[in-house]
1. What is the fewest-to-most order of S162, S124 by other Cβ atoms lying within 10 Å of their Cβ?
2. Consider all pairwise Cα distances in segment 89-203 and report the whole-number % of them above 16 Å.
3. Could you sort the peptides 301-309, 276-284 by per-residue average Cβ neighbour count (10 Å cutoff), highest mean leading?
4. Where both partners of a DSSP beta bridge lie in segment 55-209, what percent of those bridges are antiparallel, to the nearest 5?
5. Tell me, in nm to one decimal, what length is gained between A11 and R114 on full extension, where the rule is 0.36 nm per residue of separation less the Cα-Cα distance?
6. What distance in nm separates the two pseudo spin-label positions at A107 and D32, each 7 Å out from Cα along the beta-carbon direction?
7. Beyond 14 Å, how much of the Cα-Cα pair distribution for segment 77-157 remains, as a whole percent?
8. Mean separation of Cα pairs under 8 Å and 6+ residues apart, divided by the residue count of the chain: what relative contact order is that in percent?
Amino acid sequence: MDTTAFREALAAGEAILLDGGFSTQLEAQGADLSDRLWSARLLADDPDAIVRAHLAFFRAGARVATTASYQATFEGFAQRGIDRAGAEALLRLSVDLAMEARAHAEAEDAAAGRRPIRRFVAASVGPYGAMLADGSEYRGNYGRTMAQLRDFHRDRLAVLASTGADVLAVETIPEVAEADAVAGLLPEHDAVAWVSFSCRDGGHLCSGAPVEEGVAAVDGRPGVLAVGVNCTAPEHVDELVGRIRAATALPIVVYPNSGEGWDAAARRWTGVGRDRVDPDAARRWTTLGASLVGGCCRVTPDQIAALAPALGASA
């Protein structure tokens, strides 16, 4: 990993626009994501679709592409008959595809005479619950020891940390122990990451622990560059950002979902979001202290494009 440019952007206090719901865009392109591997299936079956989805968000003004490795694990690939070497190759491919999309976006900027934009690739490190494909990332309390969680994450993190990604996105983490476990692995690989939690309300992780406990588990840990929340209903974000800012001086990352609920058995989103990821929300979140802002599941490129002016960017 060459983390210099991303560190410089954070140190400069830049407001960085993230991408949105990667799986949402893939589905809009016609992909079937009903498989347990979710978007990671396309690493093997349709890598061009992944490039197109990343490019859609770059064209919308996003400065970060979050890779298709959220649900990509050695265990999950093994269930599909993919051996360890093949799984490692697919993990590396997830970063290569995001970098390919970035190169396309940069070429388009040059051809149009637009000012160059610094864009980044964040290698997604999803939670243990994502591998289970049963909605556990919205519950936590896996019943796994710290050692077991470290063992689960270690090899995948090592592979992603050895790629050309600018940062790791340790995301949708529902419990304190898992955040602690992953943060402890970062120095082993000279890796840097943001850590973002999935939350059930304005004060608690999905596991039920206060969000301040999650922040305390990673605050000051070597390699942790930012902390925040993702795949959480937008209605809870204002309070969460306030609580996080009171607990840490780290940059804050925020990328909520649409506010709908995930039905793991039917593998679909249900209900209707009450608040939206929109320019007014983005302005509130940055005023409260967030510096990396975007969307998660069900947030489209059009919504990301609408956020760009609120963050001082141009789509």
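1. S162, S124
2. Looking at segment 89-203, the distances longer than 16 Å represent 64 percent of pairs.
3. With the highest mean Cβ count within 10 Å placed first, the list reads 301-309, 276-284.
4. Of all bridge pairs located within segment 55-209, approximately 10 percent are antiparallel.
5. 34.6 nm
6. Reported label-point gap for A107 and D32 is 3.1 nm.
7. Distances greater than 14 Å cover 74 percent of the Cα pairs.
8. 21 percent
Values in this text are rule-based calculations from the coordinates and carry no lab data. Small disclaimer: the values here were computed from a predicted structure and weren't measured. Virtual Cβ from ideal backbone geometry, glycine too; neighbours counted across all protein chains shown.
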